[in-house]
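To keep things clear, I will list the structure first and then write my remarks on it.
The values are calculated or read from the model by the stated rules, or taken from the named source; none is laboratory data. Computed from a predicted structure; not experimentally measured. Note: ideal-geometry Cβ built from the backbone for every residue, glycine included; neighbour counts use all protein chains shown. Just the protein is used for accessible areas: all its heavy atoms, side chains included, with ligands, DNA and RNA removed. Shrake-Rupley method; radii C 1.70, N 1.55, O 1.52, S 1.80 Å.
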Amino acid sequence: RVRVGIENMERRKFEIVCTIEDLNRFAYIAEDNDYFGVTLDFVHLSTHGIYEPDLSELKLPIYDIHISQNAGGKTHCPLTVDDGLVHLDAITKSLIDYGYGGFVVLEVKGGHKGSLEVMNAAVEKCKK
């Protein structure tokens, strides 16, 4: 059996599943189906002006997370950028509070150098 995670998409023409509200439209599929959930992409949410989503509003299970930074109008930037719009500490805390224990995919263009260390530091900071 294969799990299917519907992913919220960034702001661009013809995308129809972009926010938690949009994802919740598919909750009826997951009611009796352990194989349907969400791939939650925080940089995509940031393109809609959503920087600290309330995960308690989500009606589907989170199967995996995509994280990167939004800087200079570009998505999938390394987490090491200083002027990014994604609030990594707040997101990490919300994932811990939610009880998320799955995969976090660093969806970063141009290499992951430094991004893993930044992500690990955010996790450690939020555990305190």
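Rolling a 1.4 angstrom probe over the protein heavy atoms with all chains in place gives the chain an accessible area of 59 Å² per residue. Stretched out straight at 0.36 nm per residue, the stretch from residue 121 to residue 87 would grow longer than its current Cα-Cα span by 10.9 nm.
The long axis of helix 88-98 is offset from the longest Cα principal axis of the chain by roughly 30 degrees.
Set against the 2.2 N^0.38 Å expectation for a compact globular protein, the chain has a Cα radius of gyration ratio of 1.03. Relative contact order of segment 1-105: 25 percent, from C-alpha pairs under 8 Å at least 6 residues apart in sequence.
Quick check on the chain: helices-only [θ] at 222 nm, where DSSP H runs of length 4 and up contribute -39,500 (n - 2.57) each and the sum goes over total residues. Nearest 500, please.
-8000 deg cm²/dmol
Within the accessible surface of the chain, defined with a 1.4 Å probe on protein heavy atoms only, the carbon and sulfur portion equals 52 percent.
Once you have a ≥ b ≥ c as the square roots of the Cα gyration tensor eigenvalues for segment 1-52, tell me rounded if a/c is under 1.5, and otherwise prolate or oblate according to whether a/b is larger than b/c. Prolate, because a/c is 1.5 or more and a/b exceeds b/c. Its Cα centre serving as origin, the chain has a Cβ charge dipole (Lys and Arg +1, Asp and Glu -1) of approximately 320 debye.
Would you please put 88-101, 60-73 in order of how densely packed they are, using the mean number of other Cβ atoms within 10 angstrom per residue and starting with the highest?
Working: 88-101: 15.8, 60-73: 19.0.
Result, highest mean first: 60-73, 88-101.
Pairing the Cα long axis of helix 115-127 with the longest principal axis of the chain, what angle in degrees results, from 0 to 90 and rounded to the nearest 10? Result, in degrees: 70. Farthest toward the dipole's positive end in the chain, which of 80, 105, 67, given Cβ charges of +1 (Lys, Arg) and -1 (Asp, Glu) about the Cα centre? Sorting the options by dipole projection puts first 80.
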